[in-house]
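What follows draws every value from the coordinates through simple rules; no lab data is involved. None of these values were measured; they are calculated from a predicted model. With ideal geometry, Cβ positions are generated from the backbone for all residues, glycine too; neighbour counts draw on all protein chains shown.
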Amino acid sequence: MTQFSPLYEGKAKIIYATADPDILLAEFKDDATAFNAQKRGSIQNKGVMNCAIASHLFQYLAAQGIPNHFIAQVAPNTMHIRRVEIIPLEVVVRNRAAGSLCRQTGLPLGLELNPPLVEFYLKNDDLGDPLLTGDRLRLLQIATDEEVAKIREMALAVNTHLSRFFAECGITLVDFKLEFGRSRSGEILLADEISPDSCRLWNQDESDPEKRILDKDRFRQDLGGIEDAYALVMQRVLARGRQ
Ligand code: ADP
Ligand code: MG
């Protein structure tokens, strides 16, 4: 596998080519970054935990009819994925107010958002991943109107399935970020990862606003206990799948 040199090394994963041009290998790293990589660190065993969580959730979503890039987990921290042309958007779905939404609007942390909010950010670290308006999205011609409509519909369907899944794990899905891509045939596939790096997850067994956090906010806010939080998510996600 590793006879192939990396195609791309991102903040959380290294992407390798394989003998099949339509299949890539994604290796999940322990590296952690926040605030557009201004804060850097490492979370012990994160690569293995995120790979296990993402593998499980991608398989679950496929079974619910959401087409995605996952093919198979091939090692504890690596998976085979279908190569797509990534659409440079960070698609965020929010069920409760948190993070930049609170900072930018003054809404209180945890406010329930019904219907859920869908937001499109430009995936561009140099520009700081800015929030797009509908008109700017059209101006940049990143995706056709039809593709944007499809992506929004898929993001909301992912939210429905994942919110229910996590609720059954005793976890509240506060918000999450998705990436989508185009397959060779032009089909829109859910890609990248779904993990505590890309979701806000709150433990329903805890009411304390810091203790309940089970995601990368523990790293962003220096709350400690990051490995234990990720491990709890992994254990509950994998256990739910065996029920
Ligand atoms: P980043 O630093 O951009 O967040 P990551 O380390 O998370 O990068 O991921 C590495 C890169 O792999 C990202 O650019 C991501 O968009 C890309 N990627 C994810 N899934 C696929 C796929 N199925 N095909 C091609 N590229 C992908
Ligand atoms: Mg990433």
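Values for this structure:
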quantity: Whichever residue in the stretch 38-68 is within 14 Å of Pro196 (Cα to Cα) and out of contact with any strand residue (DSSP E or B) (no Cβ under 8 Å at 6 or more places or on another chain) and, among such residues, is surrounded by the fewest Cβ atoms within 10 Å (Cβ to Cβ); calculated: Gln44
quantity: Strands (runs of 3 or more DSSP E) within the stretch 1-95 that include 2 or more residues over 30 Å from Gln221 (Cα atoms); calculated: 6-9, 13-17, 23-28, 70-75, 78-82
quantity: Condition broken by Val48, with the remaining ones in (1) under 20 Å from Lys11 (Cβ atoms); (2) among the hydrophobic types (A, V, I, L, M, F, W, C); (3) in contact (Cβ under 8 Å) with a residue 60 or more places away in the chain satisfied; calculated: (3)
quantity: Residue satisfying all of: in the stretch 117-134; aliphatic (A, V, I, L, M) and part of a strand (DSSP E or B); farthest from Asp175 (Cα to Cα) among these; calculated: Leu122
quantity: Residues located in the stretch 135-168, provided they are part of a helix (DSSP H, G or I) and more than 22 Å from the chain's Cα centre (by Cα); calculated: Asp135, Arg136, Arg138, Leu139, Leu140, Asp145, Glu146
quantity: Hey, Leu173 surrounded by 13 or more Cβ atoms within 10 Å (Cβ to Cβ), within 28 Å of Gln38 (Cβ to Cβ) and more than 16 Å from ligand 2 (Cβ to nearest atom) or not; calculated: yes
quantity: The stretch 1-37, subset small (Gly, Ala, Ser) and surrounded by 12 or more Cβ atoms within 10 Å (Cβ to Cβ), residue nearest to ligand 1 (Cβ to nearest atom); calculated: Gly10
quantity: Condition met for Asn77 (within 24 Å of His161 (Cα to Cα), within 14 Å of ligand 1 (Cβ to nearest atom), among the polar types (S, T, N, Q) and touching a residue at least 40 places away in the same chain (Cβ under 8 Å)); calculated: no
quantity: Within the stretch 189-207, tally of residues that are free of Cβ contacts under 8 Å to residues at least 12 places away in the same chain and within 12 Å of ligand 2 (Cβ to nearest atom); calculated: 0
quantity: Single condition Glu153 does not satisfy, out of (1) over 29 Å from Ser207 (Cβ atoms); (2) buried (at least 21 other Cβ atoms within 10 Å of the Cβ); calculated: (2)
